[in-house]
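Reading through the structure tokens given below for one structure.
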């Protein structure tokens with residue numbers, strides 16, 4: 001069995017567009033007629049350029065190869081151009097293609113992917129989501145309204161969620177880490193206070209940031225949040241400053257989580273060695289794929305760290321995350337878009353079962369999804385923005401900040 005054909009789908013989810021402006025899916029076909037699907041997460045170049053990279057990686061390192069030879073193909077891509085070091089764009093392309101290989105292998109053996117990467121450790125996996133605006137809530141004011149966030153969080157806990165995430169801490173910018181405005185610290189505290197009051201001890205609070213702060217600024221913010229007991233403090237400073245992240249981890253009594261912008265075990269190993277985080281959040285469509293994700297989880301296990309696969313993407317990466325989570329002992333939880341997102345589920349034939357706050361281990365072969373190619377083609381991305389973007393203007397220390405993410409909601 002050899003890999004012979006590649007197709008790419010760049011899909012724009014309809015409004016409100018939770019999960020990013022677009023998702024890049026790949027389809028691989030073998031000479032035996034089997035097909036597999038993967039997803040490349042959050043590329044740092046535009047869709048046309050990324051599609052060219054994906055085609056080059058496939059043609060150069062994977063075409064004509066057996067989908068079984070995942071390690072060989074990884075080493076080719078990782079070494080391409082005399083590198084042998086993490087390359088976000090190349091590894092992002094490879095990651096989606098690698099996930100598609102596992103989908104093919106599972107179908108070939110009539111087994112779910114988790115059965116091929118360690119077996120079923122967990123019958124079900126704990127799920128969390130961002131707090132999104134509820135019907136009737138204003139999509140613009142929601143992000144700076146603690147009472148609205150608390151109302152939405154309480155509704156999510158009634159659905160079954162035992163953890164909810166929110167990120168009111170101000171903008172992330174191209175300027176790197178900044179000192180937080182006192183208004184942003186006050187708003188963050190108000191969110192934690194309101195959400196904690198609404199959910200009590202029924203759910204964990206997951207405090208999200210996006211590398212906004214200097215180490216000192218992150219420490220000031222984190223210490224202000226400690227009384228509300230968040231389960232994690234996510235990516236408080238830019239991810240390239242591992243030593244600074246470790247400084248924050250030592251000074252704040254909230255576990256630090258990081259990983260959505262990291263790729264391959266090399267970068268995650270540096271985080272673990274420095275003691276910079278105890279919860280790792282690989283995005284499998286960027287980190288190297290499922291096999292590399294399994295290695296990252298094994299590294300984390302050796303440091304008594306847990307894994308919480310990241311998801312601000314489409315449903316194929318979501319499916320891959322679930323198979324990894326089912327197979328490892330040190331899973332913390334997996335991210336979802338709500339309970340699965342209407343468009344997410346439609347794209348994969350409603351193949352993932354979310355039940356009372358947990359995702360049930362899939363039983364169908366491969367990733368267990370039925371990717372709807374016609375639906376994907378009916379929603380092409382035609383914009384010019386990237387999947388996520390950072391603002392150029394600095395933090396506003398005087399008038400306050402209204403953070404709505406790198407891909408603001410569409411009406």
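The values are calculated or read from the model by the stated rules, or taken from the named source; none is laboratory data. Everything quoted here is computed from the prediction, not taken from an experiment. So basically every Cβ, Gly included, is an ideal-geometry build from the backbone, and we count neighbours across all protein chains shown.
What to note about this one:
- Top-ranked residue in region 88-122 [being in contact with a helix residue (DSSP H, G or I) (Cβ under 8 Å, 6 or more places away or on another chain) and not in a helix (DSSP H, G or I); ranked as surrounded by the fewest Cβ atoms within 10 Å (Cβ to Cβ)]: 119
- Candidates 280, 205, 225, 272, filtered to the one that is closer than 30 Å to residue 106 by Cα and modelled with pLDDT of 95 or more: 280
The rows are residues; the columns are (1) under 19 Å from residue 260 (Cβ atoms); (2) out of contact with any helix residue (DSSP H, G or I) (no Cβ under 7 Å at 6 or more places or on another chain).
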| site | (1), (2) |
| --- | --- |
| 174 | yes, yes |
| 178 | no, no |
| 189 | no, no |
| 194 | no, no |
| 203 | no, no |
| 212 | yes, yes |
| 218 | yes, no |
| 224 | no, no |
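- Some residue of region 388-402 being under 27 Å from residue 89 (Cα atoms), at pLDDT below 95 and part of a strand (DSSP E or B): yes
- Single condition residue 161 does not satisfy, out of (1) under 20 Å from the mean Cα position of the chain (by Cα); (2) closer than 26 Å to residue 276 by Cβ: (2)
- In region 316-332, the residues that are assigned to a loop (DSSP other than H, G, I, E, B) and touching a helix residue (DSSP H, G or I) at 6+ places or on another chain (Cβ under 8 Å): 328, 329, 330
- Just one of (1) farther than 28 Å from residue 362 by Cα; (2) in contact with a helix residue (DSSP H, G or I) (Cβ under 6 Å, 6 or more places away or on another chain) fails for residue 83. It is (2).
- Residue check, residue 248 part of a helix (DSSP H, G or I), surrounded by 22 or more Cβ atoms within 10 Å (Cβ to Cβ) and more than 21 Å from the chain's Cα centre (by Cα): yes
- For region 126-142, the candidate set comprises residues that are under 29 Å from residue 215 (Cα atoms) and within 20 Å of the chain's Cα centre (by Cα); within that set, the residue that is modelled with the lowest pLDDT is 132.
- Looking across region 188-204, the residues that are in contact (Cβ under 8 Å) with a residue 40 or more places away in the chain and buried (at least 23 other Cβ atoms within 10 Å of the Cβ) come down to 191, 195.
- Leading residue by the ranking (surrounded by the most Cβ atoms within 10 Å (Cβ to Cβ)) among those in region 336-356 that are more than 21 Å from residue 116 (Cα to Cα) and in contact with a strand residue (DSSP E or B) (Cβ under 6 Å, 6 or more places away or on another chain): 336
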